[in-house]
Amino acid sequence: MSFAHKIAVSALALAVSAGAALAGGHEDFWKKAAEPYQGVTLRGVTESSPPSLYIREVLAPQFEALTGIRVDIETTSWDQMFDKAIKDMEAGTGIYDMVYIEQDIIYSYLARNFLTDTTQLLADNPQLQAPGYDEANFTTFADYFRGDNGHLYGIPMEAFIKIYLYRTDLFGDADIQAAFKAATGRDLAPATTHAEYTEIAKFFYEYGQANDMQLWGATVQGHTGHPASWYEYFESVAPTFGVYNWGIDANNNYAASVANGGAMNSDTAKEALQWWLDLRQYAPPESNQSTWTEVGTTFGAGRAAQGLVYGENAGWIAADDTKSLVVGKVGVALPPLADGVMAAAEAGDGYIGYYDGGAFGLPSTSKQKEAAALFLEYIGQNDVQPDWAVAAPRVTNTATYDDPKVVAMNEELGGYYDMLRDKGYLFAGAPAYPFHAQVREATAPTFYKILTGDLNVSEGLDQMAAEAEASLTELGYRK
Amino acid sequence: MHSNRLGWILLAPTLVILFFFGVLPFVYVVFVSFHSWNPFAANPEMIFNGADNFRKIVFDAEFLNSVGVTVTFVFFAVVSELIVGYFLAQAFMKEFPGKAIFRTIHTLPLIMAPIIVGSVWKLMMTPSIGIIPHYLNEWFGLSVNIGTSSFAAFATIVVMDIWHWTPLVTLTLIAALVSLPQDPFEQAQIDGANKRQIFFHITVPMIAPAVVATVFIRLMDALRTVDEVWMLTGGGPGSATRFVGVHIFREVFPKTNYGYGSTISVIVLYLTIVACWLLYVTMLAPRNTKKD
């Protein structure tokens, strides 16, 4: 079933059931709480992603029907979304009452006091507190959106991990298993180490070539001019080797270079980058132009045997036969790891991959804070979560995992939700840097030169570490 | 006196709009260019730093590279568009079957937004999947990958720009050619001038103002190219297609380096004015001097 179809069906089903469900619950509350805001129009800006489209197409109309408060959700590209939100909040124009806060930008927004403390706002306005809303319902991912005071500054709306996807049909094929055993001397199974991952990639690349198939060994998010490649290395590859937080030590004057106490250009970081670069020889030709979207598309087109894929794409890859050629053929696993990384992650001293997601926040500059708070509570309720999770794989509330619809979806996704629930703690969001985009942009041009071969790994990472420190000094974080 | 006042009254709305949407933002950009200002710095305030940004720009390798890439792009794109546009204009001056349909199809790219053009070309150029790399490989055995080859990425952008903007040049030159008086051409033929002599000594001088105006428009457009490149390559591979416009975009938006980004914008504006002035002096001034 396509996403648009799911949205339409969900909208119909929810429209029919919403009245009864909410009437049996808290319809009176919503109507009474919304009374002072009749005629108000709330405006939100977010990335055009499946979870956001669900808000625009399903939750916003539902809320409007229930409360009379109109909600206009603008869905746009990742770049434009940040641009519009930041300009609005910086200039104080108050155009938007809700902005999408990607996990990695929250610290920048908090540092600039862009966001409203929603916990405090609701505490100060008891008449706004919805009976079905409780911060305790959220998974621990919500902690990324808390300020130093422990209060929430954004209502989680999507959360997923970047997982290791593999083709169960290929991995389970008896002939392929035998060929793999003959070639490598071991059984074919999802890789647990980097060497195994490369070995599998090489095997399937050669298998595809030998059988004249459009099949390659692994996806690589290796765009040579887009930050997606930078992110894949720093968020999904380097941590599996034990290089965390981009190799920058926030407790040591934001040092990035080994000489100053950082790890961005450490031997381990160089080993990690070289490993990832070497994978490209077994990846589809489009890898050099692939962002997170194209990696999902490549996997969904059946062009790769395995890959690291953002969980937001896992749903349609595994279950949407109008877009994916590998429906029912997808398994999930933890990413391959270097020695000691899993132990460090379990001890809370490291992490094994990227826990991605975002929240809807209330800008300090909003002119309709109270009405916007009502909408944020609405989308944070347990009741609205299951259909949302089925339409766009994301889980932000603990209770969602046990809903029958989500349990069924979990089967289709090869146990993805189980992994999110049981192993999510091993993953981590972006480090708490208020200079996230600034340092990324300062170092990305050099990173792209490594990808094109204009710089070798060692020279490139040395240069990036120096650039990161120079940028941090210029921004005033590094003394 | 009375008519002057009416003229000013009629002009007033335009002048007010120009002031608020043209002059004022420009003055603000110049003002910001003398400041260090990044809202995500430890100190997010705007801090006056004199000419530091202008001094920094001289040593900014990324900026200098982007200027070099842009100038090269502008040269190849604009010259090609002029040549192809002229021949197409000459072709459209003649009658041939299907001319109306061909002219309509030829003009269609003009109505497409640059971001759409970039998206379409990205689909067509995706390594191994896109139609262009596929057939280049199948027919000529060429392996084209704009994600790894700087030349392929750059050449694709030049071709994309030619495809997108040549119709503008064609239309302008058709208008210029149609309006030319026939007397000088007939006179030259009577005097025994050949086609080459007629072209260089009559056609070119007579359409020079239209050519210069077209080149000005295309030059200024090409210098600020962002959308198509952003969509197609993002400035890569490496910095191979990081044009000045893309560089400014990255400085100002993702990096939020408003002060330095404004400085680059001011410098690029200055370079554009100088380039246009040089072009004007080279192509039109000698002609005007002869007239005097």
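The values are calculated or read from the model by the stated rules, or taken from the named source; none is laboratory data. It should be emphasised that the depicted structure is a prediction, and the values quoted were computed from it without experimental measurement. For neighbour counting, all protein chains shown are included, and Cβ atoms are generated from backbone atoms with ideal geometry for every residue, glycine included. Surface accessibility is based on the protein's heavy atoms, side chains included, excluding ligands, DNA and RNA. Shrake-Rupley method; radii C 1.70, N 1.55, O 1.52, S 1.80 Å.
Below, the figures for the structure above:
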{"item": "Matching residues in region A:204-225 - criterion: being in a loop (DSSP other than H, G, I, E, B) and either of a type in the set (Ser, Thr, Tyr) or open to solvent by less than 60 Å² (accessible area, probe 1.4 Å) (or both)", "result": "A:LEU215, A:GLY217, A:ALA218, A:THR219, A:VAL220, A:GLN221, A:GLY222, A:HIS223, A:THR224, A:GLY225"}
{"item": "Residue within region B:170-185 that is within 14 Å of another protein chain (Cβ to nearest Cβ), within 28 Å of B:LEU88 (Cα to Cα), open to solvent by 40 Å² or more (accessible area, probe 1.4 Å) and touching a helix residue (DSSP H, G or I) at 6+ places or on another chain (Cβ under 8 Å) present", "result": "no"}
{"item": "Among residues of region A:368-418, those that are open to solvent by less than 10 Å² (accessible area, probe 1.4 Å), in contact (Cβ under 8 Å) with a residue 60 or more places away in the chain and under 14 Å from A:PHE138 (Cα atoms), counted", "result": "10"}
{"item": "Residue in region B:110-119 that is more than 11 Å from chain A (Cβ to nearest Cβ), over 20 Å from A:SER77 (Cβ atoms) and either more than 20 Å from the chain's Cα centre (by Cα) or among the β-branched types (Val, Ile, Thr) (or both) present", "result": "yes"}
{"item": "Residue in region B:273-285 that is open to solvent by 40 Å² or more (accessible area, probe 1.4 Å), modelled with pLDDT of 90 or more and within 12 Å of another protein chain (Cβ to nearest Cβ) present", "result": "no"}
{"item": "Output for region B:241-255, where each listed residue is within 8 Å of another protein chain (Cβ to nearest Cβ) and outside any helix (DSSP H, G or I)", "result": "B:THR241, B:ARG242, B:PHE253, B:PRO254, B:LYS255"}
{"item": "Scope region A:317-326; condition open to solvent by 50 Å² or more (accessible area, probe 1.4 Å) and either modelled with pLDDT under 95 or not in a loop (DSSP other than H, G, I, E, B) (or both); matching residues", "result": "A:ASP321, A:THR322, A:LYS323"}
{"item": "One residue from A:GLY331, A:GLY348 being in a strand (DSSP E or B) and within 19 Å of A:PHE427 (Cα to Cα)", "result": "A:GLY331"}
{"item": "The lone exception for B:GLY234 - which of (1) out of contact with any helix residue (DSSP H, G or I) (no Cβ under 7 Å at 6 or more places or on another chain); (2) within 14 Å of chain A (Cβ to nearest Cβ); (3) at pLDDT below 90 it fails", "result": "(3)"}
{"item": "Scan of region A:46-73 for residues that are in a strand (DSSP E or B), under 28 Å from the mean Cα position of the chain (by Cα) and more than 21 Å from A:PHE160 (Cβ to Cβ), ordered by number", "result": "A:VAL71, A:ASP72"}
{"item": "Flag if B:ALA208 is away from chain A (no Cβ under 14 Å), touching a residue at least 24 places away in the same chain (Cβ under 8 Å), part of a helix (DSSP H, G or I) and in contact with an Asp or Glu (Cβ under 9 Å, 6 or more places away or on another chain)", "result": "no"}
{"item": "Number of the exception - A:ARG186 against (1) open to solvent by 10 Å² or more (accessible area, probe 1.4 Å); (2) in a helix (DSSP H, G or I)", "result": "(2)"}
{"item": "Of all residues in region A:82-104 being in contact with a helix residue (DSSP H, G or I) (Cβ under 6 Å, 6 or more places away or on another chain) and more than 12 Å from A:PRO363 (Cα to Cα), the one that is modelled with the highest pLDDT", "result": "A:GLN103"}
{"item": "Residue among B:PHE96, B:PHE102 that alone is without any contact (Cβ under 8 Å) to a residue 60 or more places away in the chain, on the phi < 0 side of the Ramachandran plot, assigned to a loop (DSSP other than H, G, I, E, B) and not acidic (Asp, Glu)", "result": "B:PHE96"}
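So that you can scan it fast, the table gives a plain yes or no per residue for (1) in a helix (DSSP H, G or I); (2) within 14 Å of another protein chain (Cβ to nearest Cβ):
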| position | (1), (2) |
| --- | --- |
| B:VAL71 | yes, no |
| B:PHE76 | yes, no |
| B:VAL79 | yes, no |
| B:PHE87 | yes, no |
| B:THR107 | yes, no |
| B:LEU136 | yes, yes |
| B:SER143 | no, yes |
| B:ALA155 | yes, no |
| B:PRO167 | yes, no |
